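The block underneath contains the structure these notes are about, expressed in C-alpha cells.
Where a number appears in this text, it was derived from the coordinates with a stated rule and is not lab data. Only a predicted model underlies this, so the values are computations on that prediction, with no experimental measurement involved. Methodologically, a virtual Cβ is constructed for each residue, glycine included, from the backbone with ideal geometry; neighbour enumeration extends over all protein chains shown.
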Ligand code: NDP
C-alpha cells in the first residue's frame, strides 16, 4: 500500500522538489500552496503521469487554521492515513524591526510558525492512533544564529526548532519522529530579492562555494522518511558548512 505525505508550500522551490522526490518513491501526496495554484496543478499532473501516484491539491493560506483543518481532514478521508507531514510553506520578511508593523509581524508568525502548530495539531492524532508517522519541519540557519533585518523570520525559525525538539520528545513514545532541517541558502525564488552582488557575497561565505539546491533538501527529507526510527527531536543543518 502506498504511503501518504502532506507537503505545505509545494508549488515551487523546496516544496516542489520534495513532492517530486516522494512521488518518485511511490507516495500519494496532498499538496498545498496559496497563490500559484496553476503551477501546483501542473506539477501534480506531471507527477501522477510519471509515477502513477494519487495527488490532491489544495489552495489556501496555511496561516488560516480552518484551511489547514480542511486539508488534513480531506487527506485523511481520501487516503486513510498520513505517514509523512512536511511543514515547508514559509515567507521571508526583510527590514528593520523598527519599521515592521504589528500586522506584518502577525502575518509572518502565522504563516511561518502557527501553521506548523496547526498542521501538527491536526495530523498528529491519526498518527498516534497508528503509532506511526514522520514530521519534518523546514527551518533555517537563522533560527539558530539570528539574522539582522530578519528578526521576525529568525524568531519563527527558532520557534520551529524548539517546537521540533519538544514535540519530538512528546511523540517518541508513540513511535513518531519529529525533525527539522535548518537550511542555509537554497537556490529558490525566496532569494531572488537579493541583487546579484549580494547573492555572490553570501556565496563567498559558504565553504562549499555555492548555494544548496532544492533537490538536496528533498533528498534529506526522503532520507528522514521512515528509515531512522531512533532519530527524533533533531534540528539538522544543511548549509554547505556555512554556519
Ligand atoms: P519559495 O518562496 O520558493 O516557495 C514558498 C512556497 O510556500 C510556495 O509554494 C508558496 O505558495 C508557499 N506558501 C507561502 N506562503 C504560503 C501560505 N500562507 N499558505 C500556503 N502556502 C504558502 O520558498 P522556498 O522553497 O525557498 O522555501 C521553503 C521553505 O524553506 C520555507 O519555510 C523557507 O523559510 C525555508 N528556507 C528557505 C531557504 C532558502 O534559502 N530558500 C533557507 C532556509 C529556509 P505560492 O507559490 O502559492 O506562493
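If one computes P(r) from the Cα atoms of the chain, what percent of pairs lie at distances over 24 Å? So the pairs more than 24 Å apart make up 42 percent of the total in the chain. If R0 equals 22 Å, the separation of the Cβ atoms of residue 74 and residue 25 corresponds to a calculated FRET efficiency of about 0.45. Tell me whether the stretch 32-88 comes out rounded, prolate or oblate; compute the Cα gyration tensor, take square roots of the eigenvalues as a ≥ b ≥ c, and use a/c under 1.5 as the rounded threshold. Oblate, because a/c is 1.5 or more while a/b does not exceed b/c.
Using a Gaussian network model of the chain in which every pair of alpha carbons under 10 angstrom is joined by a spring, one finds that among 195, 219, 170 the greatest mean-square fluctuation is at 195. From a point 7 Å beyond the Cα of residue 149 in the direction of its Cβ, which residues of the stretch 185-209 have a backbone N at a distance under 11 Å? Only 194-195, 198-199 pass the distance filter.
Model label points for residue 219 and residue 91, set 7 angstrom from Cα along the Cα-to-Cβ axis, are 3.2 nm apart. With Rg and the Kirkwood Rh both taken from Cα atoms, where does Rg over Rh land for the stretch 50-171? Taking Rh as the inverse mean 1/r over Cα pairs, Rg/Rh reads 1.01.
Here the residues 156, 149, 57, ranked from fewest to most Cβ neighbours within 10 Å of their Cβ, fall in the order 149, 57, 156. Per residue, the Cα convex hull of the stretch 72-134 amounts to 88 Å³. Computed from the C-beta positions of residue 170 and residue 48 and an R0 of 45 Å, the FRET efficiency is 0.80 to the nearest 0.05. Compared with the dominant Cα axis of the chain, that is its longest principal axis, helix 115-130 is turned about 30°. Annotation for the stretch 16-69 versus the stretch 138-164: alpha-carbon center distance of 26 Å. Between residue 102 and residue 38, residue separation times 0.36 nm minus the direct Cα-Cα distance comes to 19.9 nm.
Only helical runs count toward this figure. For the chain, summing -39,500 (n - 2.57) over DSSP H runs of n ≥ 4 and dividing by all residues gives -14500 deg cm²/dmol at 222 nm.
Can you work out the base-10 log of I(q)/I(0) for the stretch 171-243 at q = 0.17, 0.19, 0.21 1/Å, using the Debye formula on its C-alpha atoms alone? Values, matching the q order: -0.70, -0.80, -0.90. Quick one: pull the percentage of alpha-carbon pairs in the stretch 20-59 with a separation above 14 Å. For the stretch 20-59, the share of Cα pairs beyond 14 Å comes to 36 percent. Taken along its principal axes, the alpha carbon cloud of the stretch 1-118 reaches lengths of 51, 24, 20 Å, longest axis first. Take every DSSP beta bridge whose two residues both sit in the chain; close to 0 percent of them are antiparallel.
On C-alpha positions alone, give me the angle between the axis of helix 214-224 and the longest principal axis of the chain, in degrees, nearest 10. With both axes taken from Cα atoms, the answer is about 50 degrees.
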